[in-house]
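The values are calculated or read from the model by the stated rules, or taken from the named source; none is laboratory data. The structure displayed is predicted, hence computed values, not measured ones. Using ideal geometry, Cβ is built from the backbone for each residue, glycine included, and neighbour counts are taken over all protein chains shown.
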Amino acid sequence: MTAKNVNSPFGPGLPALYIVAFLSGISLGLFNPFISTLMKENGFDDIVIGLNSTLYFFITAIGSPLVAKILRKIGLRKTMMAGFLLMGITAPLFPLTNQLSAWFVIRGVMGLACCLYLISGQTALNYFCTAQNRGIVNGLNALAFSLGFGVGPVMGAFVYKLSPQITFLLGSGLILSGIFVVYFGLPEKTIKFQKPDFRIIKKLKLPLQGSFAYGFSVATLVSLYPLYLLEQNYGVERIGYIFGLFILGGLISTVPVTHLSDKIGNIKVLIGSVVVVIVSVFGLSLIADPNIVPFLAFISGVGMSPIFPLALALIGSGVTVDELASGSALFTSIYGAGCTAGPILSSIMMTLLGTQYIFSLMLILFCFFLLTLVKYKKPSSGYNYLSETTP
């Protein structure tokens, strides 16, 4: 096999992982909003619905170390397929009951299932790519997930009018099809995984910090920004338009930006992305002009969406192959912690200081992340985050 083929972003195993990411995005975009809708229709208040959603991210965060152990015992493919099977069996049970306790149990199991295929997929992604294409591979994977996440709600909204049960069965069928994609499309590889070592946290300071900031910010935007816009007298359709521009900005920027990182290095590109996020989000905090807000939302999407795949790519260039499982587990755990903390802490800031401070904690996190990136120095030996730059 030629070097060109080896470094192709569509090399062995990678197309299957992109399809898996697309299916994962569809299931997440389909299950999550309609679980909330179903609970609302059954008379539960927003706090209970929020707690149910928080449980999903919380289980994803605390379940990551367990998944790392499972990965080492049964391997990437079986772990991924086990996650798909567990999600596919559990999700359709949600509309079959209206018992709150059962819904919390089901949501917790769904969080564990997501954790299984998410961590194994991220580990496989960094294992099957090379130092020369790590950025673009992670970018394509993020793009596939984002496309699926966008398609899921649209597809679910159409089917939900017919029946909630059919909606969840559709999502289940899609996620179960991932088993066949993995079985036939992902090569079997024997990978040695190192036992968890907390010293790895120091090695992965940059990607873990980026993962937390990204999870914190996205969860805050999705959960609380609509409330802020409503207070600014925006209509529901206008809010949907603004969020659509945010997603569009991410879809347009992710692949070009991550491809650029393969050319000039992850650190330089991450610095640029974080600066764009800080400037645009700061603008959203200060400017209420309805003609400027949509533009700032688009620009914030351009800067924010590439941060997740760029940070994930740092895992692959920051650890040895044997440490990928532990690194990916930590990355997902910290991301889940950010998603859990974002809405809660930001809502406290809004309550204490006013809604205009919705983005204050987010901006602080990204400013600290930017400072860490700027102060980063290339290690004198061993793995480093600039190793993905093409000679």
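Does any residue of the stretch 261-268 turn out to be crowded, with 18+ Cβ neighbours inside 10 Å, β-branched (Val, Ile, Thr) and either assigned to a helix (DSSP H, G or I) or touching a residue at least 12 places away in the same chain (Cβ under 8 Å) (or both)?
Scanning the stretch 261-268, I find at least one residue that is crowded, with 18+ Cβ neighbours inside 10 Å, β-branched (Val, Ile, Thr) and either assigned to a helix (DSSP H, G or I) or touching a residue at least 12 places away in the same chain (Cβ under 8 Å) (or both), so the answer is yes.
Test each condition in (1) within 21 Å of Ser53 (Cβ to Cβ); (2) of a type in the set (Val, Ile, Thr); (3) at pLDDT 80 or above for Val236 and report the one that comes out false.
Exception for Val236: condition (3).
Quick check: is even one residue across the stretch 107-119 in the same structural domain as Gly29 (by TED's automatic domain parsing), without any contact (Cβ under 8 Å) to a residue 40 or more places away in the chain and surrounded by 24 or more Cβ atoms within 10 Å (Cβ to Cβ)?
Yes, some residue in the stretch 107-119 is in the same structural domain as Gly29 (by TED's automatic domain parsing), without any contact (Cβ under 8 Å) to a residue 40 or more places away in the chain and surrounded by 24 or more Cβ atoms within 10 Å (Cβ to Cβ).
Any residue that is more than 21 Å from the chain's Cα centre (by Cα), at negative phi and outside the structural domain of Ala61 (by TED's automatic domain parsing) - is there at least one of those in the stretch 299-319?
If we filter the stretch 299-319 for residues that are more than 21 Å from the chain's Cα centre (by Cα), which is where we start, we get none.
No.
Among the residues in the stretch 151-170, are any under 20 Å from Ala311 (Cα atoms), crowded, with 24+ Cβ neighbours inside 10 Å and of a type outside the set (Lys, Arg)?
no
For the stretch 331-371, how many residues meet the condition of being closer than 13 Å to Leu221 by Cα and not in a helix (DSSP H, G or I)?
Within the stretch 331-371, residues that are closer than 13 Å to Leu221 by Cα and not in a helix (DSSP H, G or I) number 2.
Yes/no matrix, rows are residues, columns are (1) among the polar types (S, T, N, Q); (2) more than 16 Å from Phe212 (Cβ to Cβ); (3) free of Cβ contacts under 8 Å to residues at least 60 places away in the same chain; (4) touching an Asp or Glu at 6+ places or on another chain (Cβ under 6 Å):
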| residue | (1), (2), (3), (4) |
| --- | --- |
| Ser285 | yes, yes, no, no |
| Phe298 | no, yes, yes, no |
| Val302 | no, yes, yes, no |
| Leu314 | no, no, no, no |
| Met349 | no, yes, yes, no |
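Just checking, which of Asn7, Asn52 is more than 22 Å from Met155 (Cα to Cα) and not assigned by TED's automatic domain parsing to the domain that holds Gly156? Walk me through it before giving the result.
Numbers: Asn52 fails: not assigned by TED's automatic domain parsing to the domain that holds Gly156.
Within the list Asn7, Asn52, the selection yields Asn7.
List the helices (runs of 4 or more DSSP H) that sit entirely inside the stretch 1-79 and contain at least 2 residues that are in contact (Cβ under 8 Å) with a residue 24 or more places away in the chain and touching a helix residue (DSSP H, G or I) at 6+ places or on another chain (Cβ under 7 Å). If you could, list the steps in order and put the result at the bottom.
Numbers: elements: 3-6, 14-41, 46-62, 64-74.
Of the helices (runs of 4 or more DSSP H) lying wholly inside the stretch 1-79, those with at least 2 residues that are in contact (Cβ under 8 Å) with a residue 24 or more places away in the chain and touching a helix residue (DSSP H, G or I) at 6+ places or on another chain (Cβ under 7 Å) span 14-41, 46-62, 64-74.
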